[in-house]
Structure formats: C-alpha cells, structure tokens
Amino acid sequence: MNSKPRLKGRGSTIAPANRFERTRREDDFEQLALDDDLADERSLRTEYLPDDSQTIVVENDSPDVSFRYSVNCNRGCSHGCSYCYARPGHEYLGLNAGIDFESKIFVKHRAPEMFREWLARDKWVPETIMFSGVTDCYQPAEREFRLTRGCLAVACEARQPIAMVTKNALVLRDLDLLAEMASRNTALVSISVTTLDAELARTMEPRTSPPEARLRAVRELTAAGVPVTVLIAPIIPGLNDTEVPAILAAAAEAGARSASFVLLRLPLTVRPVFLDWLARTQPFRAERVEAMIRATRGGELNDAKFGSRMRGIGPYAEQIGATFRVFAAKYGLDRRVAPLDVSQFRAPRAANGQMRLF
C-alpha cells in the first residue's frame with residue numbers, strides 16, 4: 001500500500017477537515033502503481049491570491065496580548081510552522097488549516113494605501129500598532145510584494161509608533177526605515193527564536209530563517225540602534241524547553257534588550273497538524289512530548305482561558321516559567337521595554353490628497 005508522499009519544505013502534509021464544511025477531499029494514494037511519478041505531489045508551489053479586504057488595521061481586546069491594533073498584509077503564512085496558532089483562520093476562507101494555510105497565501109495588495117488612509121482619519125488617536133500579530137510580516141511573500149516595507153514607509157512618514165514580531169532575517173532589508181524610526185523612539189522589533197538547533201528549526205519552521213540568521217538580525221538591528229526583544233515562542237514541553245537558558249544567553253550576547261516567552265498553544269485544527277508533524281519528525285520523542293504538553297494544560301492539549309493560555313498551569317509549567325525568569329535576570333533580559341513615543345505623530349496626507357482641517 002502506498003502512503004501519502006511527504007511534501008518537500010512544508011510543515012504540514014495533511015489537510016484536516018474544515019470544521020465549517022460538510023464535505024472534504026481525500027487523496028487516494030492506494031490507487032497509485034508503485035512506479036507512478038509523485039514528483040508533482042512532493043513539490044507544492046505556493047499560490048498567491050488577492051485579498052480584497054477593505055481595511056488593514058484590526059483591533060483586538062485580548063487581555064493576554066500587549067497591543068490593541070495590528071496590521072497583517074497577508075492571510076496564511078508559507079513559513080509553515082507546525083504549531084502556528086493562526087492556522088484555523090484559513091477555515092473561514094473555505095480552506096484547511098494544514099497544507100492550505102502555508103501554500104495558499106492571500107495578499108492585501110493595497111496594504112500601504114489602506115494603512116495611509118487609516119492613519120489619516122480625523123478620529124485616529126495615535127498608539128502603538130503591531131505589525132504581524134497573526135502571520136509573519138516578513139514571510140517569503142514580502143520579498144515579492146514588499147507590502148510590509150510600504151506600510152513601514154507610511155509609518156515612518158507619519159512618525160507612527162510600530163512594534164513588530166518576526167522570525168525572518170528579511171527584516172534587515174528594512175534596516176534604513178527601522179533605524180530612522182528608532183532614532184525617534186517609534187520602532188521596536190521582536191525576533192522569535194524557538195531553538196538553536198538548526199535541524200529542528202528546519203523541520204519545525206521549514207521556510208524561515210535558521211537560528212544563526214535570526215541572531216544575526218538581533219545583532220545588526222541592535223548595532224543600528226533599533227531596540228530588540230527576543231521571543232521564545234512557543235516553548236514546547238519536552239522538545240525545546242531545555243534550550244531556554246542557552247537561547248537567552250545567545251540573545252543577550254547578540255544585544256537583545258529584553259526577552260519573553262509563550263507556551264505552546266494547540267487550538268482547534270492546530271492540534272492535528274502539530275501532532276502529525278510530531279509523529280513524523282520526532283517519532284522517538286512524540287509520546288513524551290505529548291504527555292508533557294498535557295502536564296502543562298491540566299491533562300488536555302490546549303487551554304483557551306485568558307490568563308493561563310499563554311503560560312500554562314501546574315508544576316511543570318511553573319518550572320518552565322521559573323527557569324525563564326532566573327536566566328532572563330542572569331543575562332539582563334528581564335528589563336521592561338520603554339513605551340514608544342506617540343507624541344510625534346503627524347497625520348499623513350490621504351491618498352486622495354485631502355488634508356486634515358485641524
């Protein structure tokens with residue numbers, strides 16, 4: 001019997017059932033002859049599809065995150081991280097949270113224009129806006145479409161404070177804009193470093209920068225005066241939790257100002273994608289990792305409650321938190337990040353040339 005071919009360079013190889021759809025498509029590889037060519041199945045091209053959203057800034061009211069507004073230029077992310085909490089969002093588009101999420105990317109081509117229009121509104125009271133928040137603002141689509149850079153240029157012109165989080169060293173391409181904004185205290189960058197093991201990173205986060213490139217980004221951003229936080233997200237019990245001290249040491253050596261962490265979350269259809277990845281790539285550790293995840297989630301694989309979903313509960317979760325705090329303090333990464341300056345904001349001229357009355 002032929003098994004499903006493993007897709008090259010993808011975090012997920014499955015198409016979990018869409019919880020909003022009554023029917024689903026199944027590949028029937030049992031009908032293939034042994035010598036059938038599976039090259040097209042093993043190599044799946046990324047599709048870029050137009051997203052006609054009418055706004056680029058979204059608001060959230062979660063007490064677990066530090067930002068109220070965020071900008072996301074894409075829906076879906078070809079980084080292919082097996083654990084990505086944003087995967088279920090593709091189900092609202094009639095797609096699946098597995099391979100569709102990382103191979104069918106919706107692009108908001110008008111992102112910079114819409115961002116300009118948002119900031120030019122009379123009712124906008126400036127506060128920090130997060131770039132990403134859902135999908136990575138420097139995923140591979142950014143090389144082609146340059147929408148994050150376009151939005152950054154608008155923010156720089158308006159002196160609009162922005163914070164961003166990424167795990168891609170492509171952020172260094174925009175060092176000129178970020179350095180200019182940082183000189184006015186209107187920019188902060190968080191770099192996600194989940195492991196120092198290049199092989200683990202390659203399988204867990206297949207289409208993003210390796211660990212050494214992310215640390216290089218920390219060094220170069222810091223050297224240019226851009227404040228950098230290192231984010232260990234997620235910490236996966238039994239898989240990368242023992243790396244916390246080493247990651248924090250590397251982050252401090254690279255010049256990061258502070259650090260934070262998030263415990264692995266497996267909401268909805270993220271769960272089957274991650275468990276499939278775990279069984280395929282970590283067969284000798286999979287059972288133990290799953291048991292340790294449950295140990296931090298009250299016996300379950302996920303906890304959706306505000307307050308505990310980011311940190312977990314129970315003795316092992318407390319141990320992870322204590323380890324992080326001890327080593328963050330040791331390496332001087334437990335400092336609070338100073339708030340960005342909103343006082344310099346000046347509304348940009350709208351795309352239609354209309355200026356504000358006041």
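Numbers for the structure displayed
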quantity	calculated
The chain: translational diffusion in µm²/s, Stokes-Einstein, Kirkwood Rh over Cα pairs, 4 °C, 1.567 mPa s	60
Two-site FRET efficiency, residue 284 against residue 212, from Cβ-Cβ distance with R₀ of 22 Å, rounded to 0.05	0.25
Helical mean residue ellipticity (222 nm; -39500 (n - 2.57) per DSSP H run of 4+; nearest 500) of the chain	-9000 deg cm²/dmol
Which of 330, 305, 108 has the fewest Cβ neighbours within 10 Å, and the rest in rising order	305, 330, 108
In segment 151-256, trypsin sites (Lys or Arg not before Pro) in a DSSP loop with at most 16 other beta-carbon atoms within 10 Å	184
Sparse-neighbourhood loop sites, chymotrypsin sites (Phe, Trp or Tyr not before Pro) in segment 63-123 - DSSP loop, at most 14 other Cβ within 10 angstrom	none
Per-pair calculated FRET efficiency, R0 = 30 Å: residue 52 and residue 337 via Cβ, rounded to 0.05	0.25
Two-site FRET efficiency, residue 65 against residue 322, from Cβ-Cβ distance with R₀ of 22 Å, rounded to 0.05	0.45
Sorted by Cβ density within 10 Å, fewest first, the residues 130, 292	292, 130
Excluding exposed DSSP-loop GluC sites (Glu not before Pro) (at most 16 other C-beta within 10 Å), longest clean stretch of the chain	128-299
Selected from 263, 286, 304, residue furthest toward positive end of dipole (segment 218-312; charges at beta carbon)	304
Most fluctuating residue given options 97, 198, 153, as computed from a GNM of the chain linking Cα atoms under 10 Å	198
Normalised per residue, the volume of the convex hull around the Cα set of segment 185-286 (Å³)	108
Likely footprinting exposure, 55, 166, fewest C-beta neighbours within 10 Å first	55, 166
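None of the figures in this text is laboratory data; all of them are computed from the coordinates on show. Here the structure is a predicted model, which means the values were calculated and not measured. Quick reminder, even Gly has a Cβ in these numbers, built from the backbone with ideal geometry, and neighbours come from all protein chains shown.
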